[in-house]
Number of protein chains: 2
Amino acid sequence: MAPTVSRDTLNPKVLQCEYAVRGEIVTIAQRLQDELKAKPGSLPFDEILYCNIGNPQSLGQRPITFFREVLALCDHPAILDKKEIQGLFSADAIQRARQILDQIPGKATGAYSHSQGIKGLRDTIAAGIEARDGFPANPNDIFLTDGASPAVHMMMQLLISSEKDGLLCPIPQYPLYSASIALHGGSLVPYYLDEATGWGLEISELKKQLEDAKSKGITVRALVVINPGNPTGQVLAEENQRAIVEFCKQEGLVLLADEVYQQNVYVPEKKFHSFKKISRSMGYGEEDICLVSFQSVSKGYYGECGKRGGYMEVTGFSPEVREQIYKVASVNLCSNISGQILASLVMNPPKVGDGSYESYSAEKDGILSSLARRAKTLEQAFNSLEGVTCNKAEGAMYLFPCIRLPQKAIKAAEAAKKAPDAFYCQRLLNATGVVVVPGSGFRQVPGTWHFRCTILPQEDKIPAVVSRLTEFHKSFTNEFRD
Amino acid sequence: MAPTVSRDTLNPKVLQCEYAVRGEIVTIAQRLQDELKAKPGSLPFDEILYCNIGNPQSLGQRPITFFREVLALCDHPAILDKKEIQGLFSADAIQRARQILDQIPGKATGAYSHSQGIKGLRDTIAAGIEARDGFPANPNDIFLTDGASPAVHMMMQLLISSEKDGLLCPIPQYPLYSASIALHGGSLVPYYLDEATGWGLEISELKKQLEDAKSKGITVRALVVINPGNPTGQVLAEENQRAIVEFCKQEGLVLLADEVYQQNVYVPEKKFHSFKKISRSMGYGEEDICLVSFQSVSKGYYGECGKRGGYMEVTGFSPEVREQIYKVASVNLCSNISGQILASLVMNPPKVGDGSYESYSAEKDGILSSLARRAKTLEQAFNSLEGVTCNKAEGAMYLFPCIRLPQKAIKAAEAAKKAPDAFYCQRLLNATGVVVVPGSGFRQVPGTWHFRCTILPQEDKIPAVVSRLTEFHKSFTNEFRD
């Protein structure tokens, strides 16, 4: 008898789930990369330029030295008592490693921790949140996780019972949300960001979509806000955030705030404010609003994607609901300890006066100012293309240009059974080696076409990205001109 | 308006899920520990003795030096070129770290990897499996994960569409399985291990339960086998494994083989054989059986629970099903890189002739032989108690003694609204500070009562565990004698 597992017997929720960031375009890119390796010179380009995923260190960004020093010492504490480490590690990294080890019961970095993460590290993170916001944070509200993704899944698992449970999600959105809602069998209730106003988030749109969902029998449980935006790169204005908080409060919605790009703001006129700070500054406390803030070590200037560290700060839930969140966290025992340590470092980096402060600051500022320059260069390049308009990347790591495709291109895409922007992106990849993700993977206003391009290639690669993209776009436009 | 999230609106699958290993007993233990700290001398014992969870390093087990050396160097590769490292790290650890970094694109340990994990590390793991089994292993079949738990969840997510999908699970079982099946909304189809024959796994029992499930309209998709057993500690005999493979083949079931204790075998008459080796030695290949083997860095002699490393080896599935497994893996991007590196080290430790081999072997053998002694001492202690019988721990990290509780104790438990074994375990904890998990958390033959006790307290603590437990048991038995 043949095995019973086939596509038809698999969980249909899995089949429905899509995750464009690692979708078909990446598979093609990997194939092309193998071809380049096997037969150099066989393609019209000599390297693949990955602009598809927010993975800075894969493109040459260096890790922050202080963070790695502390991690290495915590990984092998036996060397802390040897004098040779003085020449290898900065004094404050040694001191920090000792502090952290003292916070871990038995200094056992190889032990499962409390399901929410090591208490001493949560204390540090809570203090970091307080310093950031100017409002108290409670270490018992922190759940350390293997990056932000598992934290998002955890909340989806709790909030979604069936397709009658809806979550308001921005469109365009980071596909983790659509994928996770699909996997848990809920309904994504879309609200459209307004591209014309720099991806503005209109409360009237939230209300309209909420009413529309209600009329379909869907109970909307939560509002997802990504700030700074992914894939759209906007940073919300403070008044806008207040209105969002008020909306959630009025409608009794959980506010799921994806704040993983909180360190990535590139324009002087905008600042990051956490939704917790905003709601507390409005006088709303624990009793008033259920709020979850997601943070990650993968983004910011640190970009430590491979470490899988992050946390969620969970406030406003009743003790009986909290107990259920704790239970779900405990089924996976705990998140990885290196990631936990790194999350504490990110929320408590070297301060003025610390031995590593200057080198740390230089590394941090170097990365952030370079990212700002790259964002600007790419934005200008996109806006100079025929039929392309691109909002500013105020924050995050992405640009999401709108491409007005000629009818002939749309027909050709239909004939190739591809979304028009996927058709464009695959042609771009095959012609130039530049990998960007089609807007259709993030959803978009029907009839509009986009792609997401990261600002992460190192600065010496940006001219190549620009010239290859420009050249391709001209030839594509000419080929399909109506 | 008050927030809409209450226990009643949460996903009922979450509410149904139970996870005893971190359940009520642990909460009580933490409270007692706080009491001891705040008011030393206020309790009838001076420390909590944790025997509830397989977390060796939390109880003082030291990490394997070679593994930690390599991890530290990979965390901070910048020091690899400095001469001071010669005095701090063994030469083969330095060499191994260089090798591993060369396998990581751009040597970027801070980058997301391929969704299945770094290819070079998967090559190493596949070679380790081949060396273990004597049959080929394919690196493309390896999915690196943050410990075994997320891998198990991933397979449950794929295989379970509704409560009509069943999984055959041993009873007693590690509660990850019941929890994960509950979270994904499937049906746990129990098969009872035979305590009288050393927790024997009878094929007739599998058949009976399979038929019974079918008659209830449940389609059984997979068979879970935990070998060596958790919480039961038995090691399956080779003939038994063959019969299990044959059963899965005949019935078209996926064989989910939890093999995380593969290094933990304590008796000379038993050896660990992977189910892949068994099925290949029977002449069954890819076409014949769908097999998933779970491995973890948390167990074995390494006990690196906090690193959250592990993998599953997935064989026998069709390309279209494999594609769906890959998609689910990719939604969480990748597992943590330190855990990935550690998984490769565990499957390829120092060999004869390597500089670290002797010290590595001494550490490994020291841990395993000590675990064997502890298992023996505890088993003998349990068997000497009135009304208690305990099978040998042939492997894994646990003993699961059967306690025949007097009717009076059962009545007292009922009055306290507790399962009788939970009542016993809580009384034990309150009287002695010894934490064990009630058998009801693992399920058991109705009317029988057990608890799970790890063999992990360090050897100098074992006499205290034995004497406290013995004294408590005597007084409990006398108190409730019928």
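Looking at B:Val225, B:Val220, B:Val254, B:Val235, just one residue is at negative phi, in contact with a Pro (Cβ under 6 Å, 6 or more places away or on another chain) and hydrophobic (A, V, I, L, M, F, W, C), and that residue is B:Val235. Scanning the stretch B:417-435 for any residue that is surrounded by 17 or more Cβ atoms within 10 Å (Cβ to Cβ), farther than 22 Å from B:Leu49 by Cβ and among the charged types (D, E, K, R) turns up nothing. Every condition in (1) within 18 Å of the chain's Cα centre (by Cα); (2) under 18 Å from B:Val225 (Cα atoms) is met by B:Phe143 except one, and the failing one is (2).
For the condition surrounded by fewer than 19 Cβ atoms within 10 Å (Cβ to Cβ), on the phi > 0 side of the Ramachandran plot and of a type outside the set (Asp, Glu), what is the one hit in A:Gly117, A:Gly134? Break it down into steps so the answer makes sense when it comes.
Values: A:Gly117 fails: surrounded by fewer than 19 Cβ atoms within 10 Å (Cβ to Cβ).
Every option except A:Gly134 fails the conditions.
Within the stretch B:104-124, the presence of at least one residue that is within 26 Å of A:Ser298 (Cα to Cα) and of a type in the set (Phe, Trp, Tyr) is confirmed. Here is the figure for the stretch B:253-301: residues that are over 14 Å from B:Asn227 (Cβ atoms), in contact with a Gly (Cβ under 7 Å, 6 or more places away or on another chain) and of a type in the set (Gly, Ala, Ser) total 1.
Of the numbered conditions (1) more than 16 Å from B:Ala151 (Cβ to Cβ); (2) of a type in the set (S, T, N, Q); (3) more than 24 Å from the chain's Cα centre (by Cα), B:Gln324 satisfies every one except a single condition; which is it? For B:Gln324, the failing item is (1). Going through (1) under 14 Å from B:Leu210 (Cβ atoms); (2) surrounded by 24 or more Cβ atoms within 10 Å (Cβ to Cβ) one by one, B:Asp258 falls short only on (1). Scoring B:Ser149 on the criteria (1) facing chain A (nearest Cβ under 10 Å); (2) more than 30 Å from B:Cys453 (Cβ to Cβ); (3) among the polar types (S, T, N, Q) leaves a single failure, condition (2).
Screening the candidates B:Leu144, B:Leu159, B:Leu121 for the property of being touching a residue at least 40 places away in the same chain (Cβ under 8 Å), farther than 16 Å from B:Ala343 by Cα and not aromatic (Phe, Trp, Tyr) yields one hit, B:Leu159.
Look at the stretch B:1-34 and say how many of its residues are touching a Leu at 6+ places or on another chain (Cβ under 9 Å), of a type in the set (A, V, I, L, M, F, W, C) and either under 29 Å from A:Phe247 (Cβ atoms) or not in a helix (DSSP H, G or I) (or both). Looking only at that region, the number is 4. Looking only at residues that are more than 9 Å from chain A (Cβ to nearest Cβ) and in a helix (DSSP H, G or I) in the stretch B:74-90, which one is surrounded by the most Cβ atoms within 10 Å (Cβ to Cβ)? If we take residues in the stretch B:74-90 being more than 9 Å from chain A (Cβ to nearest Cβ) and in a helix (DSSP H, G or I), then B:Leu80 is surrounded by the most Cβ atoms within 10 Å (Cβ to Cβ). Residues of the stretch B:176-210 that are of a type outside the set (D, E, K, R) and in contact with a Phe, Trp or Tyr (Cβ under 9 Å, 6 or more places away or on another chain): B:Leu176, B:Ser178, B:Ala179, B:Leu188, B:Leu193, B:Trp199, B:Leu201, B:Ile203, B:Leu206, B:Gln209, B:Leu210. Residues considered: B:Ala93, B:Ala111. Of these, the only one that is of a type in the set (A, V, I, L, M), assigned to a loop (DSSP other than H, G, I, E, B) and modelled with pLDDT of 95 or more is B:Ala111.
For the stretch B:447-478, filtering for residues that are free of Cβ contacts under 8 Å to residues at least 12 places away in the same chain and either at negative phi or assigned to a helix (DSSP H, G or I) (or both) leaves 4.
Identify, please: which residue in the stretch B:1-25 is more than 30 Å from A:Gly166 (Cβ to Cβ) and surrounded by fewer than 21 Cβ atoms within 10 Å (Cβ to Cβ) and is, among those, farthest from the other protein chains (Cβ to nearest Cβ)? Explain how you work it out, then say what you get.
Residues of the stretch B:1-25 that are more than 30 Å from A:Gly166 (Cβ to Cβ), as a first pass: B:20-25.
Applying the additional criterion that residues be surrounded by fewer than 21 Cβ atoms within 10 Å (Cβ to Cβ) yields B:23-24.
On the way: B:Gly23: 9, B:Glu24: 11 Å.
Out of the qualifying residues, it is B:Glu24.
Taking each residue of the stretch A:175-191 that is farther than 22 Å from A:Phe451 by Cβ and looking for partners that are small (Gly, Ala, Ser) with beta-carbon atoms closer than 6 Å, six or more apart or interchain, yields A:Ser187/A:Gly166; A:Val189/A:Gly166; A:Val189/A:Ala213. Of everything listed in (1) at pLDDT below 95; (2) open to solvent by less than 10 Å² (accessible area, probe 1.4 Å), the single unmet condition for A:Val314 is (1). Selection of the stretch A:146-164 for residues being over 27 Å from B:Gly309 (Cα atoms) and open to solvent by 10 Å² or more (accessible area, probe 1.4 Å) yields A:Ser161, A:Ser162, A:Glu163, A:Lys164.
Here B:Asp482 meets each of (1) outside any loop (DSSP other than H, G, I, E, B); (2) open to solvent by 40 Å² or more (accessible area, probe 1.4 Å); (3) of a type outside the set (A, V, I, L, M, F, W, C) with one exception, condition (1). Does A:Phe294 satisfy the condition of being of a type outside the set (Lys, Arg), touching an Asp or Glu at 6+ places or on another chain (Cβ under 9 Å) and surrounded by fewer than 20 Cβ atoms within 10 Å (Cβ to Cβ)? In short, no. When we screen A:Gln57, A:Gln30, A:Gln61 for residues that are surrounded by fewer than 19 Cβ atoms within 10 Å (Cβ to Cβ), within 10 Å of another protein chain (Cβ to nearest Cβ), closer than 30 Å to A:Arg374 by Cβ and not hydroxyl-bearing (Ser, Thr, Tyr), the only hit is A:Gln30. The residues of the stretch B:304-334 that are more than 7 Å from chain A (Cβ to nearest Cβ) and closer than 24 Å to A:Ile337 by Cβ, listed by number, are B:Gly309, B:Gly310, B:Tyr311, B:Met312, B:Ala329, B:Cys334. Within the stretch A:10-65, how many residues are more than 18 Å from A:Ser298 (Cβ to Cβ) and among the aromatic types (Phe, Trp, Tyr)? Of the residues in that region, 1 qualify.
Report those helices (runs of 4 or more DSSP H) wholly inside the stretch A:259-362 carrying at least 3 residues which are more than 23 Å from B:Lys307 (Cβ to Cβ). Full working, then the answer.
Working: elements: A:275-281, A:319-331, A:337-346.
It comes to A:275-281, A:319-331.
Looking at this structure, is A:Asp421 in contact with a Pro (Cβ under 9 Å, 6 or more places away or on another chain) and among the acidic types (Asp, Glu)?
Details: in contact with a Pro (Cβ under 9 Å, 6 or more places away or on another chain): yes; among the acidic types (Asp, Glu): yes.
Spelling it out, A:Asp421 is indeed in contact with a Pro (Cβ under 9 Å, 6 or more places away or on another chain) and among the acidic types (Asp, Glu).
Checked against the criteria, B:Ala413 does not count as among the aliphatic types (A, V, I, L, M), in a helix (DSSP H, G or I) and either in contact with a His (Cβ under 6 Å, 6 or more places away or on another chain) or open to solvent by 10 Å² or more (accessible area, probe 1.4 Å) (or both). Being of a type in the set (Asp, Glu), at negative phi, in contact with a Gly (Cβ under 6 Å, 6 or more places away or on another chain) and within 14 Å of chain B (Cβ to nearest Cβ): is that true of A:Asp165 here? For A:Asp165, the condition - of a type in the set (Asp, Glu), at negative phi, in contact with a Gly (Cβ under 6 Å, 6 or more places away or on another chain) and within 14 Å of chain B (Cβ to nearest Cβ) - is met. Residues that are within 27 Å of B:Ala196 (Cα to Cα) and without any contact (Cβ under 8 Å) to a residue 40 or more places away in the chain within the stretch B:403-432 comprise B:Ile410, B:Lys411, B:Ala413, B:Lys418, B:Ala419, B:Pro420, B:Asp421, B:Phe423, listed in sequence order.
The values are calculated or read from the model by the stated rules, or taken from the named source; none is laboratory data. Because the structure is a prediction, the values reported are computed rather than measured. Heads up, the Cβs are rebuilt from the backbone with ideal geometry, glycines too, and the neighbour counts pull from every protein chain shown. Quick note on the areas: whole protein, heavy atoms, side chains included, nothing else; ligands and nucleic acids left out. Shrake-Rupley method; radii C 1.70, N 1.55, O 1.52, S 1.80 Å.
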